[in-house]
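Each remark here refers to the structure printed beneath this line.
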Amino acid sequence: MASQASMTTPPSISPGSPIRVIATAGAVDASGLTKGTDLLAGVPYFLEVRQDLQTLLSVDMYYAGSDELRTSELLDALDEKGVEAIWAARGASPRGYGTARILYDGEVQSTVIQSLQSKPRWLVGYSDLTALIALWNKAGVLALHGPMAANIQTFSKAAVNATFDVLFATATATQEFQGSMRFNGSGGVKGRILGGNLSVLTSLVGSGLLPSYEGAILFIEDVNEQAYRLDRMLSTVLHSSDFRGIVGIAVGQLVGSDPANGRYTALELLDKTWGPLGIPVLTGLPIGHDALTAMPLALGAVGEISFEEGATMGVLKVEIPRTA
């Protein structure tokens with residue numbers, strides 16, 4: 001594995017501990033939020049859910065309040081004493097994003113990084129939260145690509161349990177996912193799992209928000225993007241200096257991404273982009289936007305893509321160490 005800066009696993013959450021629900025992206029549905037936070041506050045861990053409903057339920061165009069309000073919500077959560085995890089309420093609205101908008105400011109980036117390095121804690125979210133997860137990883141702290149507070153009740157029981165298993169683990173936790181090998185390269189690879197939603201990652205190129213990808217395994221997933229758009233975005237990412245040095249690619253769910261005429265699947269088009277790289281590409285992982293089957297993934301943790309020579313199937317194994 002290429003040399004990379006070490007990352008910190010946030011301390012395990014204790015039963016009954018406070019978590020803070022925040023909205024940095026799209027406007028939040030009150031009904032979904034209530035159902036989700038009821039689940040988080042229930043058995044088996046009885047979490048204390050702290051939330052500012054006036055802020056969470058604010059609406060400004062497509063967003064959960066103004067940029068200033070969403071920024072304040074994030075920084076307040078990081079400053080709040082006793083909070084052991086920050087849980088995203090939701091991702092983007094169908095017509096807009098939002099999280100990256102409040103993170104381009106260098107002062108905000110510095111404040112978030114300094115806070116996390118002083119007191120690491122879990123962030124849970126996906127989709128538009130890819131931008132904040134990137135900053136978490138840049139600060140050297142793991143984050144969990146997983147169900148959000150306003151939609152966790154739509155995920156499978158297995159996914160919810162797996163989310164809690166990571167957050168409450170007191171010993172090294174292991175995640176394992178099986179997928180299809182598109183390209184084997186010269187053998188298995190090991191590196192930090194970094195990435196998230198491909199559309200958001202593409203928008204972050206050149207922003208200064210991204211961690212170093214040198215020696216990393218790039219993880220991508222997306223929803224409702226046509227195959228040619230996925231190919232264009234992946235080409236942008238792979239030719240950007242921000243992503244230089246990746247050793248493998250792990251592909252999650254590409255929900256609703258095949259072209260309407262059915263001529264070429266997304267993966268068939270993407271083969272032309274990642275094929276020449278000569279690195280292992282593992283596809284079909286159950287991670288992404290399909291709530292019925294999606295599972296959580298610890299981003300920033302060290303993962304390994306392994307497979308037998310010439311095999312059509314491979315495994316992504318992720319280890320989440322505990323320092324205390």
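The values are calculated or read from the model by the stated rules, or taken from the named source; none is laboratory data. These figures come from a predicted structure and were not determined experimentally. Virtual Cβ from ideal backbone geometry, glycine too; neighbours counted across all protein chains shown.
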Unmet requirement for Ala100, which otherwise passes all of (1) farther than 26 Å from Trp274 by Cβ; (2) of a type in the set (Gly, Ala, Ser); (3) under 15 Å from the mean Cα position of the chain (by Cα): (1)
Matching entry among Ala158, Ala150, Ala171 (being surrounded by fewer than 17 Cβ atoms within 10 Å (Cβ to Cβ) and touching a Lys or Arg at 6+ places or on another chain (Cβ under 8 Å)): Ala171
Candidates Leu230, Leu194, Leu201, filtered to the one that is assigned to a helix (DSSP H, G or I), in contact with a strand residue (DSSP E or B) (Cβ under 9 Å, 6 or more places away or on another chain) and within 15 Å of His145 (Cβ to Cβ): Leu201
One residue from Thr202, Thr163 being among the hydroxyl-bearing types (Ser, Thr, Tyr), in contact with a helix residue (DSSP H, G or I) (Cβ under 8 Å, 6 or more places away or on another chain) and free of Cβ contacts under 8 Å to residues at least 60 places away in the same chain: Thr202
Selection count, the range 295-309, where residues are under 24 Å from Phe183 (Cβ atoms) and either out of contact with any strand residue (DSSP E or B) (no Cβ under 9 Å at 6 or more places or on another chain) or part of a loop (DSSP other than H, G, I, E, B) (or both): 5
Given (1) surrounded by 24 or more Cβ atoms within 10 Å (Cβ to Cβ); (2) in contact with a helix residue (DSSP H, G or I) (Cβ under 8 Å, 6 or more places away or on another chain); (3) closer than 17 Å to Gln253 by Cβ, index of the condition Ile193 fails: (2)
Boolean, Thr273 is in a helix (DSSP H, G or I), on the phi < 0 side of the Ramachandran plot and either modelled with pLDDT of 95 or more or among the charged types (D, E, K, R) (or both): no
Among the residues listed as Gly288, Gly245, the single one being crowded, with 18+ Cβ neighbours inside 10 Å, closer than 21 Å to Val200 by Cβ, within 22 Å of the chain's Cα centre (by Cα) and at pLDDT 95 or above: Gly288
Single residue of the range 209-231 satisfying the filter (modelled with pLDDT under 95 and more than 19 Å from Asp290 (Cβ to Cβ)) that is surrounded by the fewest Cβ atoms within 10 Å (Cβ to Cβ): Tyr228
